[in-house]
Amino acid sequence: MTERLYYDDSYLTEFDAEVVRAELRNGKNIVALNRSAFYPTSGGQPYDTGTINDAHVTDVFVDADGEVWHEVDAPLRVGETVHGRIDWPRRWDHMQQHGGEHMIAGAVYKLTGGMTIGLHLGAEVSSIDVQFADGATHMSAEMIARIEDYVNERIQMDAPIRCWFPDAQELAALPLRKKPTVKEHVRIVAMGDFEMVACGGTHPSSTGQIGLVKIVSAAPERGKLRLSFVCGMRAYRDYRQNYNCAWAAANLLSTRPEKLPELLESTLQRLKDAERELNRLRRERLLESIPAMLERAEALPCGGKLVCTLADCDPAALKELASKLIEEDGVVALLGAKNGEKCNFVFARSANIGLQMGRLLSEAAKPLGGKGGGRPDFAQGGGPAEVLDAARAMLMKGAET
């Protein structure tokens, strides 16, 4: 069985060992060593990378018997003495994230009673899922701030972090935040006098080395609350990015970052008012153009007249235009309005025209990837602008739609 050197020293970056097993499995070289500082994927923490001699370690995992296997990009021989080197920046990042997770989970339990279910250390953001006795899946901004304050205050205490394997008697007396998930070889991680839980991961030797913790989101996830967070250098980089973005936005608006919400709120309201006024003016102009549209209308084989146009208006104005056009006898209106890369459509006809507008829109739109339908006299849908041309061609061919 591999001696796991990281249990005793998470800061160990180089070690010597002997290859005790070597296999080619699914086309990949994997080796087991008599001792290793490489952390295998487990407990939500990803594996370490680095090198064994000149071979790069691309995965580390544990089999059902507890043996640690290293996937390498070059073969190694059984009995060979090797030198391992850990990718320290990756290991240190994981230590900071995992240490911060313990403190967040402990704070959540102390302040809310929520139990942490699982950990995921992602490449950019890490997360835990929290289960509450009442089934809650939300957390207030005030509570998130309290948790962050609680954690960062204890980070600044630079309290010691101790990792050890207690005997059964000591383990039974420890004030653990939750019961261990294993029954043998239980490893305990304690942070000062405020957090203690079973864990096999790697952590800094004191809370101060976690640096900083920031919760970046809190959202429901499968009946639980998912808290996503960044710690250490990730938190610093997150702060720097948000600082730069806030100042860039503030400079564009000739203000300071703390004034941005108020200024943006008033700016957005002005934009809404301007858009409303613009739509009103477009609607008026559109309705004023009805006589000209009817004047230019094409004669249909069925005896009516066709207004087919792509208008510059919102959906409400498009419906009103159609309703106004078909107040006159003998009118078929095929109308569209741009909506991003596609169009909204309204197909309508006067009461004395026997065409089926819902069927016409559906048959014209479906082959072009659009959709639509409705009543015989009034239909709505969406799709590419070519739907108008297709529907017009169907009518002008005298199709009995």
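What is the stretch 202-249 by shape, rounded, prolate or oblate, if you read a ≥ b ≥ c off the alpha carbon gyration tensor as root eigenvalues and call it rounded for a/c under 1.5, prolate for a/b larger than b/c, and oblate otherwise? The shape class here is oblate. In a reduced charge model with +1 at each Lys and Arg Cβ and -1 at each Asp and Glu Cβ, the stretch 1-77 shows a dipole moment near 200 debye about its Cα centre.
Of all DSSP beta bridges confined to the stretch 287-375, the antiparallel ones make up roughly 60%. The base-10 log of I(q)/I(0) for the stretch 154-294, evaluated at q = 0.14, 0.17, 0.19 Å⁻¹, reads -0.91, -1.08, -1.18 [Debye formula, identical scatterers on Cα atoms, solvent excluded]. In summary, the lysines within cross-link reach of K110, defined as a Cα separation below 28 angstrom excluding same-chain residues under 8 places away, comprise K178, K179, K183, K214, K224.
Between H120, L171, Q131, the Cα set farthest toward the positive side of the dipole of the stretch 67-186 (charges on each charged residue's Cβ, about the Cα centre) is that of L171.
Each peptide in 376-386, 206-216 receives the mean, over its residues, of other Cβ atoms within 10 Å, and ordering these scores from highest gives 206-216, 376-386.
Accessible surface ranking for S323, S10, 1.4 angstrom probe, highest first: S323, S10. For the chain, the normalised intensity computed at q = 0.07, 0.08, 0.12, 0.14 Å⁻¹ comes to -0.62, -0.70, -0.92, -1.12 (log10 of I(q)/I(0), Debye sum over alpha carbons, equal scatterers, no solvent). If only the Cβ of Lys and Arg carry +1 and only the Cβ of Asp and Glu carry -1, the dipole of the chain around its Cα centre is close to 1260 debye. Equivalent ellipsoid of the stretch 22-133: semi-axes from √(5λ) of the C-alpha gyration tensor, largest first, are 34, 14, 11 Å. If only the Cβ of Lys and Arg carry +1 and only the Cβ of Asp and Glu carry -1, the dipole of the stretch 144-271 around its Cα centre is close to 420 debye. The 1.4 Å probe gives accessible areas that order Y47, Y109, largest first, as Y109, Y47.
Simple rule: put +1 on each Lys or Arg Cβ and -1 on each Asp or Glu Cβ in the stretch 321-401, find the dipole, and look at A385, G398, G340; the Cα lying farthest toward the positive end is G340.
In the assembled protein chains, I161 presents an accessible area of approximately 20 Å² (probe radius 1.4 Å). DSSP beta bridges fully contained in the chain are about 90 percent antiparallel. Take 83-95, 233-245 and order them by the average number of nearby Cβ atoms within 10 Å per residue, most first; the result is 83-95, 233-245.
In percent, rounded to a whole number, the relative contact order of the stretch 163-212 is 33, using alpha-carbon pairs under 8 Å and six or more apart.
Pairs of Cα atoms nearer than 8 Å and 6+ residues apart set the relative contact order; for the chain it is 10 percent. Heavy-atom accessible area for R146, with the other protein chains in place and a 1.4 Å probe, reaches approximately 130 Å². Taking all protein chains together and rolling a 1.4 Å probe, D134 ends up with roughly 130 Å² accessible.
Each peptide in 294-303, 178-187 gets a packing score, the mean of other Cβ atoms within 10 Å over its residues, and the list from highest to lowest is 294-303, 178-187.
Only one residue of A299, S205, S289 has its Cα farthest out toward the positive end of the dipole of the stretch 185-299, where Lys and Arg carry +1 and Asp and Glu -1 on Cβ, and that residue is S205.
I'd like the antiparallel share, as a percent to the nearest 5, of DSSP beta bridges with both residues in the stretch 307-351.
In the stretch 307-351, approximately 60 percent of DSSP beta bridges are antiparallel ones.
Over the chain, DSSP H runs of length four or greater, each weighted -39,500 (n - 2.57), average out per residue to a 222 nm ellipticity of -11000 deg cm²/dmol.
Sorting K28, K319 on solvent-accessible area from highest to lowest, probe radius 1.4 Å, gives K28, K319.
For the stretch 16-81, a/c is less than 1.5, where a ≥ b ≥ c are the root eigenvalues of the C-alpha gyration tensor. That puts it in the rounded class.
The values are calculated or read from the model by the stated rules, or taken from the named source; none is laboratory data. Values in this document were obtained by computation on a predicted structure and should not be read as measured data. Don't worry about glycine lacking a Cβ; one is built from the backbone with ideal geometry, like all the others, and counts go over all protein chains shown. Heads up: the accessible areas ignore ligands, DNA and RNA and are worked out on the full protein's heavy atoms, side chains in. Shrake-Rupley method; radii C 1.70, N 1.55, O 1.52, S 1.80 Å.
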